[in-house]
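Structure record follows, encoded as C-alpha cells.
Rule-based calculations on the coordinates, nothing more; no lab input. Everything numeric here is computed off the predicted structure, so don't read it as measured data. So basically every Cβ, Gly included, is an ideal-geometry build from the backbone, and we count neighbours across all protein chains shown.
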Amino acid sequence: MEAGLSVVSRHMGDSLHLGADSARGYAERVLAEAGFGTEDATICADLMVASSLRGIDSHGVVALLPMFAEHAKAGVGREGTTPVVVDQQGAVAVVAGGGSSGPRAARLAVEAATERARRLGVGVAVAREIGYFGALWWCVAPPAESGLIGVAACNAMAFVAPHGGREALHGTNPIAFAFPNEPEPLIVDMRTNTLRMGDVWRSAATGEPLPDGAVRLEDGTPVTDFAKLESVGWESAVSMPAAGVKGYGLALAVDLLSAGLAGTPIGREIAWATEQQTLAAFFLVLDPAAFGPAERFSDAAARLSEQAHATTPIDPASPVRLPGERGAAERERRLAGGIPIDLVLWERMERRLGDLGVEPPPRPWS
C-alpha cells in the first residue's frame, strides 16, 4: 500500500493507519489555519511526519501538532518571518530565530554548519531565540546522509532536577550524534533525563502508570499517575536526571554548549511560560575527509558495525542492533502500511486544538 496514495486503512477495531502524505497534508492545513506561513508549516509538518515514520510517535504528528499550533497562535512563524545568520567568523555561525518556528531556525543553523564543514573540515553553529523544534535526530541526519558527522544539543524549559535535588534546574536537554554508515547512518539521539516522552504518550493512551522514580511533584513525592500530573499541571512536577550524576553532568554540558554560547536564558531562567523563542541549540558538523582519506572513516564505521552485529545477544530473539536501525526499518514498514493512529490520542489532539481556537479539519479517514 503506497503511503502517498492510501489515505487510511482500518485494522482490527479502532486501529487506523494513515498514509504519510495524508498526515503531512493534515498537519500543514492545521498549522496554516493556526497562523504559520507556508515555509514554517511545511518544515514543521515534514519534521513531525519524519518522526512518525521512524516510530518516534512521541515527537510525531499527533503528539506535536498542538504544540506547534500553539506557537503559531502566539504569533510565531507568520508569513514574512525568517531566521537569519547574524554573525559569522571562520567556521562559526550564529543564527537568530527571527520569529520563525523552531524547526525552520534549526534547519538554517544545520545548513550553515554543513556549508562551513565542506569548506573548512569543521562547521559550528548556534541558534538563539528559537522555539522548540522536535526530535534532534532530524537535525543531524542530513549531514550524515551526505557523508559528514553531525552533532546537536539544545536546552529546554526547566523541568529536570539536578542530581540530588528536588527543584527543576534545566530541561530534558537532549544530545544527538549521526555518523555516515551503510546502509543507513548511525544515529544516537538521547535525552539527559529519565522520563521518556514515549512513556508519557503511552500512559495517556492506555492509562498505564509512568515509570517509577521518573517524575516527582515539587515536594519530592514520586508520581506515576498521568491523570494526576495533568490535573496539577506539569509545571508543578520535575523529572530526574538519567543515570544520576551522569545525566546531570551531560545536561549541564548541553546548557553551556547551547545557551552559554548563544548568550540566551539558561537553566531556571527558562520557565514554562517563557519557553517560546527563548531556547538555544548547538550544532557541530565534521568532514571525515579533513582528518585523512574519507575511506578510512567509512571502513572504521563498517568494521565497528560488523563487530556490533556479531555480538552474541542476551536474548537470541533480539539480535544486537546499531542505533538508528530500528527507526530505519520502521520507516519502511510505515511507508508501506501507513502510520498507526491511536484514536484516544487523536481525539486528545483534536480537543487541544479546539482549546487553542483552531478548528480541527475533518479527519483524514472521514
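Things to note:
- Note that the stretch 118-127 has calculated 3J(HN,Hα) couplings of 5, 8, 10, x, 9, x, 10, 9, 10, 10 Hz, one per residue in order, obtained from phi through the Karplus relation 6.51 cos²θ - 1.76 cosθ + 1.60 (θ = phi - 60°); glycine and proline are x.
- With one equal scatterer per alpha carbon and no solvent term, the Debye-computed log10 I(q)/I(0) for the stretch 279-343 at 0.12, 0.25, 0.29 1/Å reads -0.60, -1.03, -1.14.
- Across the stretch 58-103, Cα-Cα pairs more than 11 Å apart make up 71 percent of the total.
- Under the Debye formula (equal points on every Cα, no solvent term), log10 I(q)/I(0) of the chain at q = 0.06, 0.12, 0.13, 0.14 Å⁻¹: -0.22, -0.96, -1.14, -1.33
- Distance histogram in 5 Å bins (all Cα pairs of the stretch 248-365, percent per bin): 2, 8, 8, 8, 9, 12, 17, 15, 11, 6, 2, 0
- Normalised by 2.2 N^0.38 Å, with N the number of residues, the alpha-carbon radius of gyration of the stretch 92-199 equals 1.14.
- Per-residue 3J(HN,Hα) values for the stretch 131-145, derived from phi via the Karplus relation 6.51 cos²θ - 1.76 cosθ + 1.60 with θ = phi - 60°, read x, 4, 9, x, 5, 5, 4, 4, 7, 8, 5, x, x, 5, 5 Hz in sequence order (x marks Gly and Pro).
- As a ratio to 2.2 N^0.38 Å, the alpha-carbon radius of gyration for the stretch 187-237 is 1.16.
- Leading residue at positive end of dipole, the chain (Cβ point charges), from 62, 190, 236: 190
- Each label was represented as a point 7 Å from its Cα along the Cα-to-Cβ direction; for residue 311 and residue 236 these points are 4.3 nm apart.
- Straightening the chain between residue 332 and residue 294 buys 10.8 nm, computed as 0.36 nm per residue apart minus the Cα-Cα spacing.
- Karplus-derived 3J(HN,Hα) values for the stretch 336-343, using 6.51 cos²θ - 1.76 cosθ + 1.60 with θ = phi - 60°, are 7, x, x, 8, x, 10, 8, 5 Hz; glycine and proline are entered as x.
- Mean ellipticity per residue at 222 nm, deg cm²/dmol - from DSSP H runs of n ≥ 4 across the chain, formula -39500 (n - 2.57): -12500 deg cm²/dmol
- Between amide H atoms placed 1.01 Å from N, distances below 5 Å from residue 193 occur with 242, all of them 5 or more places distant or on a separate chain.
- Cα gyration tensor category, rounded, prolate or oblate, for the stretch 144-229 with a/c compared to 1.5: oblate
- With the biggest extent put first, the Cα atoms of the stretch 175-302 measure 57, 37, 27 Å across the principal axes.
- Note on residue 216 and residue 190: the extension gain reaches 7.3 nm, defined as 0.36 nm multiplied by sequence separation minus the Cα-Cα distance.
- In this structure, the amide hydrogen of residue 186, modeled 1.01 Å from its nitrogen in the peptide plane, lies closer than 5 angstrom to those of 179, 181, counting only residues at least 5 positions away or on a different chain.
- Extension gain, residue 182 back to residue 365 (0.36 nm per residue minus Cα-Cα distance, nm): 62.2 nm
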